[in-house]
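Colleague: Provided herewith is a single structure, encoded as structure tokens, for subsequent inquiry.
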Amino acid sequence: MAVKLTSAGVLPLVLWVGLVAGAPAANAALGGAYDSVQADRAHFAASLKSTAAATYTVHTLTLQNGGGVKEFARPDGTVFAVSWRGPGRPDLRQLLGGYFDTMQAENGARAGPRHRRPLTVNHPDFVVESGGHSGAFWGLAMLPGTAPSGFSASDLR
């Protein structure tokens with residue numbers, strides 16, 4: 001059965017496509033506010049537990065596959081670091097936001113043969129380490145310049 005669209009049927013379709021394509025992404029992201037933690041919880045359908053440390057809060061998401069994501073936030077709510085561990089990689093585009101493209105570009109820019117080694121990105125303003133194998137993935141990402149005093153990268157592990 002052929003569908004015939006009239007001009008009255010095409011206009012709403014064109015408007016809808018334009019609105020969807022032009023809408024801002026609903027992703028949470030590294031560097032985002034506390035709302036981004038809630039968006040991640042909803043995106044991953046995860047449970048959330050928050051624990052306060054001296055100069056930051058750790059928001060721990062327990063994923064349905066048994067894995068975990070920790071989001072580290074300053075007192076103003078800004079997420080300055082994330083870490084993950086579990087049987088599968090979480091949606092890193094969701095967790096890293098715009099920094100995901102930087103990570104991918106670094107990964108693709110490496111010349112020569114591919115070896116089984118953790119992915120690392122080490123920029124002054126953005127650091128990532130990620131690795132693992134089937135059933136056991138891990139990683140961390142942080143924005144060093146936004147970390148509060150008293151925070152150490154070893155807290156991510």
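Colleague: With the requirement that a residue be touching a Ser or Thr at 6+ places or on another chain (Cβ under 9 Å), at pLDDT below 90 and over 16 Å from ALA54 (Cα atoms), what does the stretch 118-157 give you?
Modeller: Hits for the stretch 118-157 are PRO118, LEU119, THR120, ARG157.
Colleague: Quick one: ALA54 ticks every box in (1) at pLDDT 90 or above; (2) part of a helix (DSSP H, G or I); (3) exposed (fewer than 12 other Cβ atoms within 10 Å of the Cβ); (4) not basic (Lys, Arg) except a single one, so which number is it?
Modeller: (2)
The values are calculated or read from the model by the stated rules, or taken from the named source; none is laboratory data. Worth saying up front: this structure is predicted, and the values here are computed from it rather than measured. All Cβ positions, even for glycine, are placed from backbone atoms using ideal geometry, and neighbour counts span all protein chains on display.
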